[in-house]
Amino acid sequence: MKKLFTTLCVFAGLVLTACGGANKESKPAGDSKGGDSQQQANTDSYQFWGKLEEGGSFASFTDAAFLLNLDVQGKTTLDKYNFASYDASPAASNKSYIASYMSGTWKAVKKEGVDALQIKLAFVEDDGSEKDSATYYAYESDGVYSVDLTVALVKGQSFTRTVSMTGQKGQKYADADAFIQAYKKEFVEPESVVKVSSKANDGVAYFQKDGKVLVYVGTNNVANGTYEKTATSLKITLDGKEVEVKLSQTGATFTYVYDLAGYQTIDLVFEMPIADFGKLPATQQGGQQGGQQGGQQAEGVLLELKDEANNAVLTFNSDKTYKINMAFGTYGSFDVQKGTWAFANYTVTLTPESGAAYSSTVKEGKFVIETHITWGGGQVDKDVHFEDAQTVIGKFMAN
């Protein structure tokens, strides 16, 4: 997500509406008119805290916590921490924490006869010049201070939000690290049976067992939809639009185009390995499953493959046994080979009751099993060929 932070911060500024502070009094930074009277020199320090939390798709670019420090020298600093970025690393290296986001001065005054803390804040440039300077007044009630600050969401932008701050004499947070720990958020990933990351741009697709699919960029949920899976197909629909899925011998590939309200598009390219495809629960019985178009398998049967030319059927059972049955017209059908099967490294190995073991292969995207059958004292002596879409490998993975 951090890779997109700069671009999306600008975008967040473009789409947000401006609003003003509740008790802000905008004045030149050095103006103390309006009934203020100077009190004695500062001997105390104060600390204020508050947060902006709006939620939504761009929460990680707008939500933030603020720490306002008033020191005994009369200096003021406002720190900003974008907690919705889920970065809780130490302040010194935390890219979501900005020390002295704004700064200025403060003093104790009488505001129209009432004790108050006059706080002046501005964006201070490297050359010492100030921008967006404003004056605020914090008032105390039963030892608790309060003030509303109008803060720009992005430095140099005109889009602002009002942040209600609560304060006290002395410190609530010993340092910036303690402040970060108090406001940090921990990202909890959605439940999923398969999680696929995009090749770039921090995208993650979560496939859930109930047929739902969620797409995230970093910690932001940017798209929701459904998937339909059979043994040989995968259909994905996101935000009401079908997403093209390409199946190959290595897995499934699909692309979601993340549209930032027409401002910019980001391609999230996902490649789901064949092993993960096999973990997805089938949501439909469609497609060629075990040589039976759309049909149900007999109880205990994992998969059936056919060799039409030789009237042969290869049956894999859930108990790791298999058999090859051949039909001989009016003479009936006979099991011409029996044995056990095992699956490893995307390969199915068949071990007959007599004779050498043999393994499946992948040819041009097809799952293929070939062997030679000798049976009945030489009455049957022929090659057999069974094949299906490579995605049937998922049947063996799930068993």
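Looking only at region 314-330, residues that are at pLDDT below 95 and β-branched (Val, Ile, Thr) come to 1 in all. Annotation: of all residues in region 259-285 being assigned to a strand (DSSP E or B) and acidic (Asp, Glu), the one that is modelled with the lowest pLDDT is Asp259. Taken together, the residues in region 82-138 that are over 24 Å from Thr160 (Cβ atoms) and small (Gly, Ala, Ser) amount to 7. Looking at Val204, is it closer than 29 Å to Leu303 by Cβ, assigned to a strand (DSSP E or B), modelled with pLDDT of 90 or more and hydrophobic (A, V, I, L, M, F, W, C)? In short, no. Evaluating Tyr173 against the criteria (1) closer than 26 Å to Val269 by Cα; (2) outside any strand (DSSP E or B); (3) touching a helix residue (DSSP H, G or I) at 6+ places or on another chain (Cβ under 7 Å) leaves one unmet condition, (1). Of the strands (runs of 3 or more DSSP E) lying entirely inside region 9-98, those containing at least 3 residues that are surrounded by 13 or more Cβ atoms within 10 Å (Cβ to Cβ) and at pLDDT 95 or above span 46-52, 64-70, 75-81. If only residues of region 151-170 that are aliphatic (A, V, I, L, M) and assigned to a strand (DSSP E or B) are counted, the one that is nearest to Leu52 (Cα to Cα) is Val163. Go through the residues of region 337-359 one by one and say whether even a single one is farther than 30 Å from Gly251 by Cα, in contact with a Gly (Cβ under 9 Å, 6 or more places away or on another chain) and part of a strand (DSSP E or B). Yes, there is a match, as at least one residue in region 337-359 is farther than 30 Å from Gly251 by Cα, in contact with a Gly (Cβ under 9 Å, 6 or more places away or on another chain) and part of a strand (DSSP E or B).
Rundown of residues vs (1) over 20 Å from Val204 (Cβ atoms); (2) within 18 Å of the chain's Cα centre (by Cα), yes/no style:
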residue: Ser233; (1), (2): yes, no
residue: Gly240; (1), (2): yes, no
residue: Val243; (1), (2): no, no
residue: Ala252; (1), (2): no, no
residue: Asp259; (1), (2): no, yes
residue: Phe270; (1), (2): no, yes
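Could you please give the count of residues in region 304-321 that are over 42 Å from the mean Cα position of the chain (by Cα) and not charged (D, E, K, R)? So the answer is 6.
The values are calculated or read from the model by the stated rules, or taken from the named source; none is laboratory data. Predicted model, so just to flag it, every value in this text is computed and none were measured. Every residue, glycine among them, receives a Cβ derived from its backbone with ideal geometry; neighbour counts consider all protein chains shown.
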